[in-house]
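Remarks on the structure that follows.
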Amino acid sequence: MNKIIIEFFASFLIWLMFAGLIVLWVIDGKIKKEQVIHALVACFFAWLASVTLKEVFQTTRPFLVDGVAALTLTIPQSGAFPSNHAAVAFALATTIWLHNRKVGWLYLACAVVIGAARVLANVHYPVDILGGVTLGIISAFIFEKIHFPVKRG
């Protein structure tokens, strides 16, 4: 796969997902302000948990182990497990899915692509992605149940 495509999916698709969140709220009206807050809080919690766990596990990134260059920008000193990108992407995607199934499936597909691209970019192992996925999904459900009860739609 082309390096530019991998880098786009590994590093920049997540920003398009956030831009899409704004479009869904402001322009399209498919989600409400409370749901945007739910998404942002879940993403922040997933990111914070991921950063904390990186300090605990301190795993080495694949490109530092195998000597094959990373295909995207990354901080070599930052641990690999769990993936911040996967945690945040899945927190966002799961939150959207909880509020709007149709759009949520698209977001979940984007989150899967991000995770796969991070592995293809040689900055994460599959288990790093799985750890991030788990954090993201859990954070979305925690904040839906505790602070943001919504009707399914």
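Scanning the range 22-47 for residues that are surrounded by fewer than 21 Cβ atoms within 10 Å (Cβ to Cβ) and not β-branched (Val, Ile, Thr) turns up Trp25, Asp28, Gly29, Lys30, Lys32, Lys33, Glu34, Leu40, Phe44, Phe45, Trp47.
Just a yes or no: is a residue in the range 120-138 outside any loop (DSSP other than H, G, I, E, B), in contact with a helix residue (DSSP H, G or I) (Cβ under 7 Å, 6 or more places away or on another chain) and modelled with pLDDT under 95? Looking for residues that are outside any loop (DSSP other than H, G, I, E, B), in contact with a helix residue (DSSP H, G or I) (Cβ under 7 Å, 6 or more places away or on another chain) and modelled with pLDDT under 95, one finds at least one in the range 120-138, hence yes.
Matching residues to (1) over 14 Å from the mean Cα position of the chain (by Cα); (2) among the β-branched types (Val, Ile, Thr):
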position: Phe9; (1), (2): no, no
position: Trp15; (1), (2): no, no
position: Ile27; (1), (2): yes, yes
position: Lys54; (1), (2): yes, no
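Of all residue pairs spaced 6 or more apart or on separate chains, those with beta-carbon atoms under 7 Å, a first member in the range 99-117 that is over 19 Å from Leu73 (Cβ atoms) and a second member that is at pLDDT below 95 and among the basic types (Lys, Arg) are Asn100/Lys30; Val103/Lys30. Listed here are the helices (runs of 4 or more DSSP H) enclosed by the range 1-79 that have at least 1 residues being over 28 Å from Phe143 (Cβ atoms): 3-7, 62-66.
Quick one: Glu55 ticks every box in (1) exposed (fewer than 13 other Cβ atoms within 10 Å of the Cβ); (2) without any contact (Cβ under 8 Å) to a residue 12 or more places away in the chain; (3) not aliphatic (A, V, I, L, M) bar one, so which box is it? Here Glu55 meets the rest and fails (2).
The values are calculated or read from the model by the stated rules, or taken from the named source; none is laboratory data. Computed from a prediction, not measured in an experiment: that's the story for all the values here. Neighbour counts are summed over all protein chains in view; Cβ atoms, including those assigned to glycine, are modelled from backbone coordinates with ideal geometry.
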